[in-house]
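Down below is the structure, laid out as structure tokens.
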Number of protein chains: 2
Amino acid sequence: MTDEEPQLTDVPVTAVLFALSDPTRLDMVIELRGLGETPCGTLRTDLPKATRSHHLKVLREAGLTRQRREGTAKYLRLREDELAQRFPGLLDTVLADAAAHR
Amino acid sequence: MTDEEPQLTDVPVTAVLFALSDPTRLDMVIELRGLGETPCGTLRTDLPKATRSHHLKVLREAGLTRQRREGTAKYLRLREDELAQRFPGLLDTVLADAAAHR
DNA sequence: GCCGATGTTCGAGAAAAGTCGAACTAGTTC
DNA sequence: GAACTAGTTCGACTTTTCTCGAACATCGGC
């Protein structure tokens, strides 16, 4: 219903792990971190937009990303600081490993 | 087929995250860490053993645990050192958070 | 060899997730 | 207000995961 991102404290750690446990979504997070703030449409452009939108919703609802509208586009960014605060090192460790193993 | 645990380096990070993203399995890991080395049957004893065995298999195949037979029992332990080496801080962070939010 | 104890595997049903075309919404521009 | 752009939602389908009873395997001990 609501388009709002959750408070990170309200999200179970299992939901965060689950969101990151899908290769497609992890790709998106990797790309997103490389790009900084970017429109939804720039991530995994090989996928149909319905699929992309689905995965971005999972990431958003897990508290990993924020979206902000600007014109017709929606800009995405990783909630890195908040994530680092609640899960120190987690994102860095996961992304470093994902980057190394490819 | 094989009963062997995988090399941790052969397991995709997504598989590790997936294994930890299920509340039942995360419970098992928490209990397991508290108990050190313990027989399979001591974790989540509220569940039927087929279910328990299923989740323990997921954990094993994700490289999170090792099993060793001793008499009729199989002793389980977390591969903490190996995990810490490949994913520094990850397990600590996840388990600390899970312990805090309950 | 027969039990009892501990786990695994099989198989079937239920629930959850992933995929993606098509229809829809919201904002911008002309 | 028609057309265009960027994303979301709906609906249907497929695939994966979860659950758990029942049958099976393995290891003692008697």
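The values are calculated or read from the model by the stated rules, or taken from the named source; none is laboratory data. What you see is a predicted model, and the numbers here were worked out from it, not measured in a lab. Note that each Cβ is placed from the backbone with ideal geometry, even for glycine, and that neighbours are counted across all protein chains shown. Side chains are part of the model used for accessible areas, which takes the heavy atoms of the whole protein and leaves out ligands, DNA and RNA. Shrake-Rupley method; radii C 1.70, N 1.55, O 1.52, S 1.80 Å.
In table form, for the structure just shown:
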{"read-out": "Residue-averaged 222 nm ellipticity for chain B, from DSSP H runs of 4+ at -39500 (n - 2.57), nearest 500", "value": "-15000 deg cm²/dmol"}
{"read-out": "Per DSSP, loop GluC sites (Glu not before Pro) in region B:23-94 with at most 14 further Cβ within 10 Å", "value": "B:37"}
{"read-out": "Those residues of region A:32-67 whose amide nitrogen sits under 18 Å from the label point placed on residue B:101, 7 Å along Cα→Cβ", "value": "A:57-66"}
{"read-out": "Alpha-carbon Rg/Rh ratio, for the protein assembly as shown, with Rh computed the Kirkwood way", "value": "1.01"}
{"read-out": "In nm, spacing of pseudo-spin labels at residue A:84 and residue A:42 (7 Å Cα→C-beta vector)", "value": "2.1"}
{"read-out": "Residue among B:88, B:39, B:48 with the largest mean-square fluctuation in a Gaussian network model of chain B, springs linking Cα atoms under 10 Å", "value": "B:48"}
{"read-out": "Share of carbon and sulfur in the accessible heavy-atom surface of region B:8-100 [1.4 Å probe, %]", "value": "51"}
{"read-out": "At least 50 Å² accessible surface lost relative to isolated chain, residues of region A:12-59 (1.4 Å probe)", "value": "A:13, A:14, A:17, A:21"}
{"read-out": "Rounded to whole Hz, the Karplus (6.51, -1.76, 1.60) HN-Hα couplings of region A:38-47, x for glycine and proline", "value": "8, x, 3, x, 8, 9, 6, 5, 6, 8"}
{"read-out": "Cα-based equivalent ellipsoid of chain B: semi-axis lengths in Å, sorted from largest, via gyration tensor", "value": "19, 17, 13"}
{"read-out": "Relative contact order computed over chain A (Cα-Cα under 8 Å; 6+ residues apart), in percent", "value": "30"}
